[in-house]
Amino acid sequence: MAQCMAGGTIHVLVASLGVDGEQIVDQCRRDKSLVSDEVIINTVVNKYCDHAPLYRQSVALLRDAGIDISRATMCGWVMTIGEMLMPDVGAMRSQLLAGTYIQAR
């Protein structure tokens, strides 16, 4: 899989899993928000690659950009993306378990 280094890497990872970035944003915009795909994807990158909890991201957005996005909204984005990737996780699990052995570092 792709390493977590920048937002561009996540775009490549999401595209390689067969999920369209616009599809992610459309699913995450159910609350009629006006955020861009970059904000949503960067939220996920910061959470899982940079280990930045959503409460810190929320405070940083308010401090640095004057944007007040609730943690509940950000959590909804993360959950939506996770649900969208579940079929891919299942396929990866099946492929992993179909092998004769599993090797870990």
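The values are calculated or read from the model by the stated rules, or taken from the named source; none is laboratory data. All of these numbers come straight from a predicted model, not from anything done at the bench. Cβ coordinates were reconstructed from backbone atoms using ideal geometry, including for glycine residues, and neighbour counts include every protein chain displayed.
Structure values in brief
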quantity	calculated
Subset of the range 53-69 [assigned to a helix (DSSP H, G or I) and among the small types (Gly, Ala, Ser)]	58, 60, 65
Residue within the range 7-24 that is part of a helix (DSSP H, G or I), modelled with pLDDT of 70 or more and surrounded by fewer than 16 Cβ atoms within 10 Å (Cβ to Cβ) present	no
Flag if residue 84 is within 18 Å of the chain's Cα centre (by Cα) and within 19 Å of residue 36 (Cβ to Cβ)	yes
